[in-house]
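Shown next, in structure tokens, is the structure this report addresses.
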Amino acid sequence: MVEPTSDGRTGNKVTDWTSLSYVVVDVEGNGQQPPDPVELAAVPIVAGVVAEPVSWLVRPDEPIKHFATRIHGLTNKDVADCPSFTDIKVDVLLALSHPALVAHNAHVDLSVLQRKLTGWEPPEVFDTLKLARRLMPGQDSYRLGSLVETFKLAEGLPEDLSPHRATYDALVAARLFVSLATKAATLEELRGESPGGGDDEAPALF
């Protein structure tokens, strides 16, 4: 077994963040207030490895607004024959059953999930927006799209995936989280409180 160095690393890998399993989530909404999900993706990270995503298209209770379609490209016709969130609730809960949850600008996704999953208590949450500010200081922007471009996080993804769709955003957020986790010397540091400061993330499209 390779012994970790004094700064808590083995080579360039964090020694203990992989002791947790995580699920990275992204929700795309219908633009209503409060929002309903029209697409949801979950990407597990187990033993430090990004696993295969699961995703659902969802028929919302209220129609998708035009400005939301302009962002993610999903129309009411696209989801007309899809299940309601109630129909997939059990599968979603199963996908979320990890000790930790990861999302970019996490409060947006969590607010939707907590409203739709009555009684669900989120596990430990890691927000890649806050983590990036703390562990990658000096970036021009901490929007997910900007970080993806700066750190080439979309390289090798299937060509049929595109930004602002749930599977793409969850996968690049998972890659971002792994990159951030390997910059922290310990799991304790990864869990540390981020400094204050306003978000430069775009307002939620929900």
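Quick look at the numbers
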item	result
Label corresponding to volume of the Cα convex hull per residue in Å³ when calculated from the structure given, among (1) 236; (2) 146; (3) 132	(3)
Residue order, fewest to most surrounding Cβ atoms within 10 angstrom, among HIS104, HIS164, HIS72, HIS66	HIS66, HIS164, HIS72, HIS104
Shape call, region 100-181: gyration tensor on alpha carbons, a/c limit 1.5	oblate
Relative contact order of the chain, pairs being alpha-carbon contacts under 8 Å that are 6 or more residues apart, as %	28 percent
Among SER97, SER55, SER19: highest mean-square fluctuation, GNM of the chain, C-alpha pairs under 10 Å	SER19
Residues LYS89, LYS65, LYS130, sorted so that the one with the fewest Cβ neighbours within 10 Å comes first	LYS89, LYS65, LYS130
Sequence-distant residues sharing a close amide H with GLU39 (under 5 Å, placed H)	GLU28, VAL58
Anchor LYS152: lysines whose Cα lies under 22 Å away (excluding residues fewer than 8 positions away in-chain)	LYS13, LYS130, LYS183
Sorted by Cβ density within 10 Å, fewest first, the residues ASP160, ASP91, ASP26	ASP160, ASP91, ASP26
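Only the coordinates and a few stated rules stand behind these numbers; no lab work does. Model, not experiment: these values are computed from the prediction. Every residue, glycine among them, receives a Cβ derived from its backbone with ideal geometry; neighbour counts consider all protein chains shown.
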